[in-house]
Amino acid sequence: MAENATQSGNEDHTVSLKVPVDKEKNKVVFAEAGKYFVDVLLSFLTLPLGTIARLVAKESNVQPVKVGSLSTLYESVLYLEDNFLCVQRYKEMLLQPRNSTEDYCQKLMLNIDDTESKRYYFCENLLNCGCGELMKRMVRSLFKLSLENGFVKEAISW
């Protein structure tokens, strides 16, 4: 089975997945996939637990999905009063954790992480930083993990 999808870089890629099935036993024998499918699949492993708990509770078609203690812990933080936290910003950090590979994962054909990208600004007056002026110049990311080519090599079938 192959289908075309467009990556955010305006390039067309074919996503291929071969799944032979033993019809007598009605079981998948193995799965063979191309690079782009494997990159998307592996990107799921980069999702922080807080993001997983939030997404499964929010995105279910039937009812909120619970992931055992993880969902309970997430809800406890969600309803925790701010005065119990050392810093109020910690609540957002726990409920909306950052993916260290967000720059790369946002370019994938399928990106399930709905966390808004982090924005960084810097002072235009580098010699006199602390000038009190509004930081207007935005930088995409200060700490980029080099994943330009994805998680797996191109020429291999997986």
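Miscellaneous remarks
- With a threshold of 25 Å on the Cα-Cα distance, the over-threshold entries among 23/66; 35/66; 58/91; 23/58 are 23/66; 35/66; 23/58.
- Full-stretch length increase - residue 154, residue 136 - with 0.36 nm per residue and alpha-carbon distance subtracted: 2.6 nm
Only the coordinates and a few stated rules stand behind these numbers; no lab work does. What you see is a predicted model; the values in this text were computed from it and never measured.
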